[in-house]
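Novice: Quick one: this structure, given as structure tokens, is what I'll be asking you about.
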Amino acid sequence: MKGAMPPRPFMVPGPGGPMPPPQQQFGLVETRPPLAAVLRPRFNIPGLHPSAAAAAAASGAGKIASTYDLVEPMRFLYVNVVKARDLPVSATGAIDPFVEVKLGNFKGTTAVKAASHSPSWQQVFAFSAAHLQSHLLEVFVRAKDLVGDDLVGRVAFDLAEVPVRVPPDSPLAPQWYRLETKRGEKMPHGEIMLSVWLGTQADEAFPDAWHSDAHAAAGPAAVASTRAKVYFSPKLVYLRVAAMGAQDLIPHDTSRPMSACVKLQLAGQVRRTRPGAPPGAPNPIWNEEFMFVVSEPFDEPLVITVEDRVAPGRDEMLGRIILPLQAAMPRHDHFGKPVEPRWYNLMRPSDDPEKKEVKFASKIQIRMSLDFGYHVLDESTYYSSDLQPSSKPARKPSIGMLELGVLGARNLIPMKPKDGRTTDAYCVAKYGPKWVRTRTVLDTLNPQWNEQYTWEVFDPCTVITVVVFDNGQIGSKNGGGPDQRIGKVRIRLSTLETDRVYTHFYPLLVLHPSGLKKTGELHLAVRFTCMAWVNMMALYGRPLLPKMHYTQPIPVMQLDYLRHQAMQIVAARLSRAEPPLRREVVEYMLDVDSHMFSLRRSKANFYRITSLFYGFLAMLKWYEGIRSWRNPITTMLVHMLFLILICYPELILPTFFLYMFMIGLWNYRYRPRHPSHMDTKLSHAELTHPDELDEEFDTFPTSRPADIVRMRYDRLRSVGGRVQTVVGDLATQGERAHALLSWRDPRATAIFIFLSLVVAIVLYVTPFQVLMVITMLYLLRHPRFRSRMPSLPFNFYRRLPAKSDMLL
């Protein structure tokens, strides 16, 4: 391809060593953060009394629990506001109380409880110890008023007296505190139940707490969108429906032949059969099978409609039936009882739905089954995180655990400069059916999350995906906008060493129509722990997908359609959670547009294919050096090796596998020391033409002007012409081989079969070792005895006819 950079070769054994690393700008940066598993950081909190700090260190709060050893400890002051009782009555009657928790310049409030003397809030506040600005924590009980908020009472705490709690200690029991006036005098009425303690992000109250760094979020919905949450994908199952045939269909117009077809609809999934055979018959037969994606609890019914095509784009309903999914037979494997079709009565538009008994009704034969033995693909199989079947009894046991520590990010680009903000970043990680979302750190380009999550691992040949987004619900002047993508990281578990902690800054890269842009770096700590070595090694010899994918394979085109439907179901379900995992987030995590055409990806795949031949080309280059006697000593050693193998042919296979073993040992020195990441050169993203990127981001169907579409079409025709030439050359070589015995060229076929007879006689009377020695000496003869002209077999093969001259 003209104008393109040559592909980068893969590593081959030799003095050249491994491939050169990618540019440092887009490469990994290894780090050594002070993780709790290695170091024991001090419990040093700004604003905390030295005696409290000493007590914290003595109590073991200087280290995080073992389940949180992949992140740096972050200290928080927790305030659990439980409830109040016996609040005083105002002059107008009952009050509308709420609680205000104040620490320096940070202030958080609970919800207002209307007309309540004993309100209950059950809300936890978390103040980051790194930003403590006061030694005094104040808790105010106020009454909501139209004019202003009246103070009911207050409670104050000295931070030097606050206890320290470290999980797995039990939660701190809340206590009743008598409310005080502004002057510090005890009130005759009114108590509040609170608990205050110093802890870390390992505390159970951390995910649902109101965080002081989210105080700028406006509105309860915005505050809820900043919290860390764990989500689970719905359980997906394939529904197999076969429309066999129908009986006694009655058309609306008997003067024309009937063209009956079946429409199957399940929520937003619609499939249609071809017109039944024979045409016009009242008992048509279809025998067509379709597959749908359904999710538990299977509350969506299947609507089956028989329609008569009366004109293009116009159908008349002949009958309908609504079947619950519970009517489908569950199948957990392919060895079970075969699914028998059943007859169902069709309800016509004129039928009364409340009438149970019908004297005459048209019927349709349907076969339905819920195939739990498949794995419903919602990700690409090349980087899937889950390969388990939908059936729980058929799932494999766990082999280990994956632990991910989301430490932080640095040098993020501002995503909201027009709103006067920088970036409100959060991370989403997906592995298997479990999705995790970190809390949103507001208005910073260097957020620190320090949150750790774990997953069970059932197959090492899977990939975890981590993406950084900007929270569109925070700080936008135009209301809640979409969450903008900042960058994506994929890590394949099979490339990780077990029980090793990988800590790196991963580059965050995003392709825009203007080109490749580095949007920051994500700091991750990853550890894969194996607890069943034998089972893990045995998995390398088992199929990647469940058995039903091979015993009853699904066509590729249908599998792509089902994957799209599965992604839509997962996105719709997670977008209804609270806080929602928005549709654009789920679609980007699942690569919803990976099937769209991209000239850049086509070039990248072409270079991937050509790079596979570099090892073969290196062997040819080595053979040419031996053959041309560039190093006579090496050539003589190769002659001796060939003679030994010819005299002792039983050593050929052991020598070959010993050579493979030695190459593996040689390459061990150059093994990857870091996890894989997005390679910009392999993706052909650094030097891509802007018009190619604009085409990649174009909508489908296109929204570009006609002249641009015409130019791109001509470019695609040019690329297609080159591909067509290469495919034609391959076909020509294959047809020449086929012409050896087809007598298309009678003289060439006669020469070939005569030579075949002569060679057969020579091989019968000549020992095999002698023939091999002669062949070796001929191929490795000195260049002085070799001609530059093509060999006789090559000339004969080039003269064989192909079918290229028969093409129009």
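Novice: Rank by packing, highest mean first: peptides 554-561, 263-270, 783-790, 496-503, with packing defined as the count of other Cβ atoms within 10 Å averaged across residues.
Specialist: So the order, starting with the most tightly packed, is 263-270, 496-503, 554-561, 783-790.
Novice: Compute the accessible area per residue over the chain, keeping the other protein chains in place, probe 1.4 Å, unit Å². Could you put the intermediate results ahead of the total?
Specialist: Working: 44250 Å² over 808 residues.
Using a 1.4 Å probe on heavy atoms only, each residue of the chain averages 55 Å².
Novice: Can you tell me how segment 234-369 classifies by the Cα gyration tensor, rounded, prolate or oblate, using a/c under 1.5 as the rounded cut?
Specialist: Prolate, since a/c reaches 1.5 and a/b exceeds b/c.
Novice: Under a 5 Å amide H to amide H cut-off, with H placed in plane at 1.01 Å, what residues pair with Trp210 once short-range neighbours are removed?
Specialist: Under 5 Å from the amide H of Trp210 lie the amide H atoms of Val124, Phe125, Ala126, each far enough along the sequence or on another chain.
Novice: Further question: What shape does the chain take by its C-alpha gyration tensor, where a ≥ b ≥ c are the square roots of the eigenvalues and a/c under 1.5 counts as rounded, a/b above b/c as prolate, and the rest as oblate?
Specialist: Oblate, since a/c reaches 1.5 and b/c is not below a/b.
Novice: Moving to a separate point now. Accessible surface of His674 in the full protein assembly, 1.4 angstrom probe, to the nearest 10 Å²?
Specialist: 80 Å²
Novice: Measure nothing but the geometry: give the 0 to 90° angle between the long axis through the Cα atoms of 746-765 and the longest principal axis through the Cα atoms of the chain, rounded to 10°.
Specialist: On a 0 to 90 degree scale, this one is about 90.
Novice: In whole percent, how big is the carbon plus sulfur part of the accessible area of the chain, probe 1.4 Å, protein atoms only?
Specialist: The computed percentage sits at 60.
Novice: Find out how many positive minus negative residues lie around Asp745, taking Lys and Arg as positive, Asp and Glu as negative, among other residues whose Cβ is under 14 Å from that of Asp745.
Specialist: Around Asp745, the charge tally is +4.
Novice: If you count, for each residue, the other Cβ atoms within 10 Å and average over each peptide, how do 246-256, 303-313 line up from highest to lowest?
Specialist: Most protected by this proxy first, the peptides run 303-313, 246-256.
Novice: Would you work out if segment 88-197 is rounded, prolate or oblate? Take a ≥ b ≥ c from the square roots of the eigenvalues of the alpha-carbon gyration tensor; rounded if a/c is under 1.5, else prolate when a/b is larger than b/c, oblate otherwise. The partial results should precede the final answer.
Specialist: Working: a/c = 1.83, a/b = 1.67, b/c = 1.09.
Here segment 88-197 falls in the prolate category.
Novice: Going by Cα centres, segment 119-134 and segment 589-609 are how many Å apart?
Specialist: 48 Å
Novice: Oh, and also: For segment 159-172, in order, what is each residue's ³J(HN,Hα) by Karplus, 6.51 cos²θ - 1.76 cosθ + 1.60 with θ = phi - 60°, in whole Hz (x at glycine and Pro)?
Specialist: For segment 159-172, the Karplus-derived couplings read 5, 5, 9, 6, x, 10, 10, 10, x, x, 4, 5, x, 6 Hz, x marking Gly and Pro.
Novice: Relative contact order for the chain using alpha-carbon pairs under 8 Å, separation at least 6, rounded to a whole percent?
Specialist: Rounded, it is 10 percent for the chain.
Novice: Sum -39500 (n - 2.57) across every DSSP H segment of at least 4 residues in the chain, then divide by the residue count to get the 222 nm mean residue ellipticity, nearest 500.
Specialist: -7500 deg cm²/dmol
Novice: Based on Cβ point charges of +1 for Lys and Arg and -1 for Asp and Glu, what charge dipole magnitude is obtained for segment 394-588 about its Cα centre, in debye rounded to the nearest 20?
Specialist: On the way: 26 positive and 16 negative charges, 62 e Å.
That gives a dipole near 300 debye.
Novice: Right, something else. Contact order normalised by length for segment 597-804, with contacts defined as Cα pairs under 8 Å and 6 or more residues apart; what percent is it?
Specialist: Relative CO of segment 597-804 lands at 34 percent.
Novice: For a quick protection proxy, order the peptides 701-712, 377-388, 793-804, 417-428 by their average other-Cβ count within 10 Å, most packed first.
Specialist: Highest-to-lowest ranking by the protection proxy: 417-428, 377-388, 793-804, 701-712.
The values are calculated or read from the model by the stated rules, or taken from the named source; none is laboratory data. Here the structure is a predicted model, which is why all the values come from computation and not from measurement. For neighbour counting, all protein chains shown are included, and Cβ atoms are generated from backbone atoms with ideal geometry for every residue, glycine included. All accessible areas refer to the heavy atoms of the entire protein, side chains included, with ligands and DNA or RNA removed. Shrake-Rupley method; radii C 1.70, N 1.55, O 1.52, S 1.80 Å.
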